[in-house]
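The values are calculated or read from the model by the stated rules, or taken from the named source; none is laboratory data. As the structure is a prediction and not an experimental result, all values here were calculated from the model. Please note: Cβ atoms are built from the backbone with ideal geometry, for glycine as well, and neighbour counts cover all protein chains shown.
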Amino acid sequence: MDERDFSGELHYSASRSSGPGGQNVNKVSTKVELRFLVASSQLLTEAEKALIAEKLASRINAAGELLLVAQSERSQLKNKELVTEKFYALVTKALTPRKKRKATRPSRASKEERLETKRKQSEKKERRKEGPSLA
């Protein structure tokens, strides 16, 4: 993206992680949730907000927050870094316009190959009809 700093608009919360990890999981809050209110962002234009709301709709909750979670690492700091990277990657991808598809025509060779395949298939099925009857 154009290197905007969203750090002032990101809200983090930590809780105990699930899954394997023994005592560490049971006593240390390493799971990090990142919340970002799309509609009230000062750094995004209205068009960008609409684009993010459309493309990341499955990750936006009823309160209009973009919600991301990281709990793979054993330290809260690493999970915070991971979830922040994930946020910037998602926003960048959502705001990157898709390339227009250039219409192309099939080549003469590809047309001939397709027709030849069809001819062979047709001949194969014709031979099945002509085969000796065992009745």
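Could you please find all residues in the range 84-111 being hydrophobic (A, V, I, L, M, F, W, C) and within 22 Å of A50 (Cα to Cα)?
Scanning the range 84-111 gives F87, A89, L90, V91, A94, L95.
Does the range 99-122 contain at least one residue that is modelled with pLDDT under 95, closer than 21 Å to E33 by Cβ and under 25 Å from the mean Cα position of the chain (by Cα)? No: zero hits. With respect to S40, is the statement that it is out of contact with any strand residue (DSSP E or B) (no Cβ under 8 Å at 6 or more places or on another chain), within 20 Å of Y12 (Cα to Cα), at pLDDT 90 or above and not β-branched (V, I, T) true? No: the conditions fail for S40. Any residue at all in the range 54-73 that is surrounded by 13 or more Cβ atoms within 10 Å (Cβ to Cβ), farther than 19 Å from E9 by Cβ, touching a Ser or Thr at 6+ places or on another chain (Cβ under 6 Å) and among the charged types (D, E, K, R)? Scanning the range 54-73 turns up no residue that is surrounded by 13 or more Cβ atoms within 10 Å (Cβ to Cβ), farther than 19 Å from E9 by Cβ, touching a Ser or Thr at 6+ places or on another chain (Cβ under 6 Å) and among the charged types (D, E, K, R). Restricting the first member to the range 77-89 and to residues that are at pLDDT below 95, and the second to residues that are in a helix (DSSP H, G or I) and surrounded by 14 or more Cβ atoms within 10 Å (Cβ to Cβ), no beta-carbon pair is closer than 6 Å while six or more apart or on different chains.
Every residue, every condition in (1) part of a helix (DSSP H, G or I); (2) surrounded by 13 or more Cβ atoms within 10 Å (Cβ to Cβ); (3) not basic (K, R), yes or no:
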{"position": "E81", "(1), (2), (3)": "yes, yes, yes"}
{"position": "T84", "(1), (2), (3)": "yes, yes, yes"}
{"position": "L90", "(1), (2), (3)": "yes, yes, yes"}
{"position": "P106", "(1), (2), (3)": "no, no, yes"}
{"position": "R127", "(1), (2), (3)": "yes, no, no"}
